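These notes are about the structure you will find just below.
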Amino acid sequence: MFNAAWCVAEAIDSLRAQTLADFEAIVVDDGSADDSDRAAMEAWGDDPRFRLIRQANAGLAGARNTGLDAARGQFVAFLDADDRLMPDALERLIFAAGAGATPGAYGRIEHRGIEMHPTGWAPMTDVPLVNHAALLESCVFPVHAQVIRRNAIGAARFDPALRIGEDWDFWLRVSEGGASWTALDRVVGIYRMTPGSLSRRPLEMLGALGERLRRAHERAGLNPRARDRVIAELTMEWATAAAVDNPAQSDAVAALGPFDGVTPEAAAARAFHRVPWQQGHTPDRWSAAPERWLAPVLGFWSRLEENRRVPEGFAKAALAALGRHASHPALTAVRCLDAALDAESEGVHLLGLGNNARWLAEACERRGARFSGWDERAMASPGWRPAWEGAILSKQVEIVRNRLGAAVIVTPTDDSGFSGIDAVRWHMVHEELASAALRRFRAALDGAGVTAVGRDRERDSLQASGFPSR
């Protein structure tokens, strides 16, 4: 912790509330100038599981290394002073690691603002097994979303020279030794979003992280094009986020290009997440078409296109893709339920129990709506259950072929095999939401005096892609 007197007690309280009682907590005071140490000790009182280590300021990586060197437990988890763990996080993560026969496990994180009010924004775990190949693509989970066996870490440590991405670099070097993480489809922690979290020295920091990524890809013997694409997407993400508040910084970061291999879909996906986080908000804020974000983001993409840094039509396609992301799965699930449930229906029946059904099942449980489901895998394998069932539901899914009186929702994105069924179709609801989002985007841009783009784009550009059910 560093100057964390204002928040560290909340983090410690979340540790003391763990259902797993057998743990040690090493609290590192990284040269704080405030009363962080006193606030921490007051929070844990006489709890013998906590101990404090004070040191001169060594940065985030240095503080984590100090804790790691002092750790004695079989598993290691990290928790920043301004974040929290859910009460059952350690117990469930360690159990998931054992069940998956992997050294580690990771779960979902809910993103909240500076005041930590609940948002419900907790993306699903879409990578069932995180190994070295997955980490070469992206930093799949934040630092406090996981546990890992201490002996799987070996001699790997966080790089003090990195001020961003030090966790990604660390996971890469740990996974090079064969470590992997099993996914737990359950919220295990809370991440506090702080506005303006991008580095004040983006060129230096992004360059350092890019160099670590290049080395990791070279050690893996991968095609240089894959390496260049990952770094280009990361550069696009930073430059797009900076465009909202600091256009000069945005252009400076963009100069680190080229952007070969960055698709409009990838640019939109990065902007969908990073821009709101940089402003201290969750990505679902895009559905309100915030003019303050849209105008600079579209302006940045358009400048890249005008300067021939990206292909012609890039800005149009990226804006349409951003509209698809704005109609995210959680929103689509709620709208599907709104369309399906009425006074006469006896709950809902889900045809297909893949990724989209996860969101629907979670929405049904929150609403208290009865639901059942069917999947062709249940016919092929008697006793089959959806993998996500126990993680996000309090009871088992009733798996039946038909349920009279229930409204039917067809969940696969490709539902061409379901014909002659009177049903709410996920892909159609998602397409309608994406179309509405793009219309709001255009209206906001027109109101801001920014030339609207994409008006001549074919309707099929708004087809629901990117959230497949399998």
Item to check | Close pairs from the stretch 372-398: first more than 17 Å from G347 (Cα to Cα), partner part of a strand (DSSP E or B), Cβ under 6 Å, at least 6 apart | outcome: A378/I399; W388/D185; A391/D185; A391/R186; I392/D185
Checklist entry - Within the bounds of the stretch 16-34, is there any residue that is under 26 Å from the mean Cα position of the chain (by Cα), in a helix (DSSP H, G or I) and either buried (at least 19 other Cβ atoms within 10 Å of the Cβ) or hydrophobic (A, V, I, L, M, F, W, C) (or both)? => result no
Next on the checklist: Against the definition (part of a loop (DSSP other than H, G, I, E, B) and touching a strand residue (DSSP E or B) at 6+ places or on another chain (Cβ under 7 Å)), how does D46 come out, yes or no?
Outcome noted: no
Checklist entry - Which one is surrounded by the fewest Cβ atoms within 10 Å (Cβ to Cβ) among residues in the stretch 222-252 that are closer than 19 Å to L136 by Cβ and among the small types (G, A, S)? => result A226
Checklist entry - Cβ-Cβ below 6 Å, separation at least six or inter-chain, first residue in the stretch 274-298 and under 16 Å from R324 (Cα atoms) and free of Cβ contacts under 8 Å to residues at least 12 places away in the same chain, second among the small types (G, A, S) and surrounded by fewer than 21 Cβ atoms within 10 Å (Cβ to Cβ): which pairs? => result none
Checklist entry - Does P386 satisfy being over 22 Å from D342 (Cβ atoms), outside the structural domain of A320 (by TED's automatic domain parsing), buried (at least 18 other Cβ atoms within 10 Å of the Cβ) and modelled with pLDDT under 95? => result yes
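Select, from A339, A343, A333, the only residue that is surrounded by fewer than 22 Cβ atoms within 10 Å (Cβ to Cβ), in the same structural domain as M379 (by TED's automatic domain parsing) and either at pLDDT 95 or above or assigned to a helix (DSSP H, G or I) (or both).
Working: A343 fails: either at pLDDT 95 or above or assigned to a helix (DSSP H, G or I) (or both); A333 fails: surrounded by fewer than 22 Cβ atoms within 10 Å (Cβ to Cβ).
Residue meeting the stated conditions: A339.
Check whether at least one residue in the stretch 135-142 is under 24 Å from R274 (Cα atoms), among the aromatic types (F, W, Y) and not assigned by TED's automatic domain parsing to the domain that holds A333, and report yes or no.
Let us first name the residues in the stretch 135-142 that are under 24 Å from R274 (Cα atoms), namely 135-142.
Now drop any that are not among the aromatic types (F, W, Y), which leaves 141.
Among the residues that remain, those that are also not assigned by TED's automatic domain parsing to the domain that holds A333 are: 141.
Yes; the residues of the stretch 135-142 include at least one that is under 24 Å from R274 (Cα atoms), among the aromatic types (F, W, Y) and not assigned by TED's automatic domain parsing to the domain that holds A333.
The values are calculated or read from the model by the stated rules, or taken from the named source; none is laboratory data. All values reported here derive from a predicted model rather than from experimental measurement. Cβ sites come from the backbone with ideal geometry, for glycine too, and all protein chains shown count toward neighbours.
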